Amino acid sequence: MKPAAGQKRPTSWWGGVWLRFRRQKVPFAAAIVLLAVVFSAAFAPLLAPYDPAKQFRREGLSPLGQPLPPNPRFLLGTDAFGRDLLSRLLYGGRVSLSVGAAASTVAVSLGLLVGGLSGYIGGKVDFAIMRFVDFMMSVPTFFLMTLLSVILGRGLTTIIFVISAFSWAYPARVFRGEVLSLKQRDFVEAARAIGAPGRRIFLRHILPHLLPLTVVYVGLSIPGTIFAEVGLSFVGLGVPAPTPSWGAMIQDGMSYYRAAPWIALYPGAMIVLTTVSLNLVSNGLREAMDPVRRGRQP
Amino acid sequence: MMAYLLRRLFWLALTLLAVSAFTFAIIFAGPVDPVQALVGPRAQGEALAALRRQLGLDRPLYVQYADYMGKLLRGDLGYSFFFKRPVSQALFSRLPATAQLAGCIMGLSLVFGLPMGIVTALKRGSLLDHSMTVAGLVLISMPSFFFGLLLIYFLAFKLNLFPTGGYGSLRHLILPGLSVALPWSVWYGTILRANLLYVLSTDYVRTAYAKGLWQRLVVFRHALKNAMLPLVTMLGMDLASLLTGTALVEYVFNWPGIGWQALTAAQHRDVPMVMGSVLFGAALIGLANLGVDILYSFLDPRVRLA
C-alpha cells in the first residue's frame with residue numbers, strides 16, 4: 001500500500017508506532033509532561049537548590065516554629081523541620097518513580113514468563129500455574145506487603161521486591177490469554193509443520209508478538225506500583241527517613257494540613273500528574289501499536 | 001450445588017493453608033531473625049536469647065510449625081503485643097467498622113455510578129460525557145488516601161460539614177466512604193456506559209423501539225438489565241477487595257477497622273497482629289468471592305455452578 005502524499009514512510013515497525021503516536025495530540029503532550037517529571041527526578045542533584053535532608057532550623061521556620069509558605073528563598077516553602085520542599089519534591093520523585101518503574105518491569109516480565117509459558121505448555125502445567133495465579137489474586141495484597149516490609153526491614157530493594165511479588169498475577173493471566181490465541185494462528189502452525197522445536201517457536205514466534213502488549217502493560221501497571229510505594233511510605237513502611245519520598249512527604253504534611261496544607265499538596269499533585277500522563281501515554285501507545293483497533297471503543 | 005459448594009470450600013481451605021504456610025515461612029524460616037524484627041535492631045545478646053526461649057523460637061522448625069498450625073486450627077492466632085489482647089478477638093471486634101465502610105462505599109459508588117453511566121450513554125459526546133471522562137482519569141490517578149486528605153481539608157476543615165475523622169455516627173462514615181466511592185463510581189459509570197451502548201445497538205432493543213415503546217421504557221425495562229450483568233461481576237470482585245483494600249483510607253480517617261488495625265500494628269512491629277490480619281483477610285476475601293458467585297447464579301439463569 002502506498003503511503004498518503006506528504007506522509008513520511010515509516011522505516012520500521014517502531015518507526016510506524018512513533019509516527020502514529022506523534023499524531024495523537026493528548027498522549028503526545030502527556031509524554032512531554034512525563035519526560036519532564038522523569039528528568040526533574042533524574043537530575044534532582046543538579047536542580048535542587050538545597051540538600052533535601054538539611055534542616056534550616058532558623059531561616060526555614062517562622063518565629064513561632066511553623067513551616068514557611070512559598071517565598072523567594074524557599075520557592076515552594078518548607079516543612080515542619082525547616083527543610084526545603086522543592087528539593088525534597090525533586091529528590092522524592094526519584095524513589096517513587098524508580099520503585100514504580102522497577103517493580104512494574106519485574107512484575108510484568110514475570111507475568112509474561114509465567115503466563116506465557118503456562119498458556120504455551122498447556123495441560124496440567126497450565127492448570128497448576130493458573131490455580132497458583134488464582135491464589136495470588138485472592139490474597140490480601142496490601143496486608144502481605146505490609147507484613148513483608150515489617151519482616152524484611154525497610155529499603156529500596158525490599159520495597160521493589162515486595163511490590164513486584166504481588167503484582168505479577170494479573171499480567172500473567174492477560175499474557176496467558178494472548179498466547180492461547182496466538183497458538184491458534186497460522187504462522188505458529190507453519191513453524192510447527194516445518195519441525196521447529198517448541199522452545200524456538202515460543203522464543204522466536206510467540207514472544208515477539210507479546211512485546212507491544214508488554215510495553216503497554218508496564219506503562220499501565222506503573223500507576224499501581226507507584227500507589228503501592230506511596231502508600232507504604234505514607235504509613236512509614238517505605239524507604240526510611242530522611243530519604244524523601246512523595247508518600248512520606250504526604251505523611252509529613254498530614255499532621256500540618258491546617259497550618260500548612262501545601263506540604264501534602266505538592267507531592268500529591270506530582271503523583272497525580274505522573275499517573276495521569278502515564279495512563280494517557282500508555283493508552284496512546286496501545287492505539288499506536290495496534291492500528292486495527294484505532295477509533296474503536298476500548 | 002452441594003458438590004460445588006464443597007469443592008469451593010475445599011479450595012478456600014487450601015488457600016488459607018497456603019497463606020498460613022507462607023506467612024510462617026517468611027517469619028520463622030525466612031532470612032530475617034523474627035526476634036530481632038520484633039524488638040528492633042538495637043537489642044542484642046542475652047535479652048534476645050531470653051525472648052527467643054520465652055517465645056519458643058529456640059525449638060526445631062518442624063515443632064514450631066506443628067505448634068503454629070495446631071493453634072491456628074483452634075482459632076488461636078497469637079497475642080497482639082501492641083493492642084494487648086488476643087489477635088482473633090482484636091480482628092473480630094474491628095470487623096463491623098470495616099464492613100460498614102465497605103457497605104457504604106458500595107452503596108455510594110452505585111448511587112453515583114449508575115445514573116452517570118446511563119446519562120452519559122444516552123447523551124453520548126455531550127459536555128457531560130467528556131467531563132466524566134476527564135474527571136474519571138484524574139480521580140483514578142489519585143491514591144485514595146490522598147483524595148481522602150483533600151476531602152478532609154475542604155469538606156471537613158474549610159467548610160466544616162463533616163468530622164475530620166473517627167468513628168461513631170453516619171456523619172463519620174461519609175468522607176471515608178466518598179474517598180473510595182467517587183473514583184469507583186466513575187469507573188462503574190464508564191463500564192455501564194460502554195455496556196449500555198452495546199446493548200442499545202442490539203436487535204431486541206431495535207425491536208422494542210420499532211414497536212413504538214418510549215425511550216424510557218426501552219432503556220430501563222429492556223436494556224439496563226442486560227447492561228448491568230457484567231457490572232454485578234465486577235461489584236463482587238470489588239466487594240472482596242474492599243474488605244482489606246481500604247486500609248490506607250481507614251488510616252487517614254482514623255476509622256478503627258481491620259486495615260487501620262493492621263497498619264497501626266505494622267508501625268509498632270506487632271508481627272502476630274499483622275500475620276493474623278493477613279490470614280483473616282484471606283478468609284474474608286475467599287468467603288466474599290464465594291458468596292458473590294452463588295448470588296450471581298441466582299441473578300443470571302444462564303450461569304450454572306459446576
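When region A:46-63 is limited to residues that are open to solvent by less than 60 Å² (accessible area, probe 1.4 Å) and within 13 Å of residue A:77 (Cβ to Cβ), the one that is modelled with the highest pLDDT turns out to be A:50.
Just one of the numbered conditions (1) buried (at least 17 other Cβ atoms within 10 Å of the Cβ); (2) closer than 30 Å to residue B:28 by Cβ is not true of residue B:189: (2).
Given the criteria more than 13 Å from chain B (Cβ to nearest Cβ), of a type in the set (Ser, Thr, Tyr) and closer than 23 Å to residue A:275 by Cβ, does residue A:104 qualify? Against the criterion (more than 13 Å from chain B (Cβ to nearest Cβ), of a type in the set (Ser, Thr, Tyr) and closer than 23 Å to residue A:275 by Cβ), residue A:104 qualifies.
Out of the residues in region A:229-263 that are outside any loop (DSSP other than H, G, I, E, B) and open to solvent by 10 Å² or more (accessible area, probe 1.4 Å), state the one that is nearest to the other protein chains (Cβ to nearest Cβ). By that ranking, first place goes to A:254.
Looking at region B:109-127, can you tell me whether even one residue there is of a type in the set (S, T, N, Q), open to solvent by 20 Å² or more (accessible area, probe 1.4 Å) and farther than 20 Å from residue B:166 by Cα? Yes, region B:109-127 contains at least one residue that is of a type in the set (S, T, N, Q), open to solvent by 20 Å² or more (accessible area, probe 1.4 Å) and farther than 20 Å from residue B:166 by Cα. Among the residues making up region A:135-178, a single one is in contact with a Gly (Cβ under 7 Å, 6 or more places away or on another chain), within 7 Å of another protein chain (Cβ to nearest Cβ) and of a type in the set (Val, Ile, Thr): A:151.
So, of the residues in region B:234-279 that are in contact with a Leu (Cβ under 9 Å, 6 or more places away or on another chain) and in a loop (DSSP other than H, G, I, E, B), which turns out to be nearest to the other protein chains (Cβ to nearest Cβ)? Checking each candidate, the answer is B:269.
Condition check for residue A:280 on (1) in a loop (DSSP other than H, G, I, E, B); (2) within 12 Å of another protein chain (Cβ to nearest Cβ); (3) over 17 Å from residue B:148 (Cβ atoms): one failure, at (1). Just one of the numbered conditions (1) free of Cβ contacts under 8 Å to residues at least 40 places away in the same chain; (2) more than 14 Å from every other protein chain (Cβ to nearest Cβ); (3) part of a helix (DSSP H, G or I) is not true of residue A:196: (3).
Assessment of region B:208-226 against the conditions (within 13 Å of another protein chain (Cβ to nearest Cβ), touching a Leu at 6+ places or on another chain (Cβ under 9 Å), within 30 Å of residue B:290 (Cβ to Cβ) and open to solvent by less than 40 Å² (accessible area, probe 1.4 Å)) yields no matching residue.
The values are calculated or read from the model by the stated rules, or taken from the named source; none is laboratory data. Values in this document were obtained by computation on a predicted structure and should not be read as measured data. Every residue, glycine among them, receives a Cβ derived from its backbone with ideal geometry; neighbour counts consider all protein chains shown. In case anyone asks, the SASA skips ligands and DNA or RNA and just uses the protein heavy atoms, side chains included. Shrake-Rupley method; radii C 1.70, N 1.55, O 1.52, S 1.80 Å.
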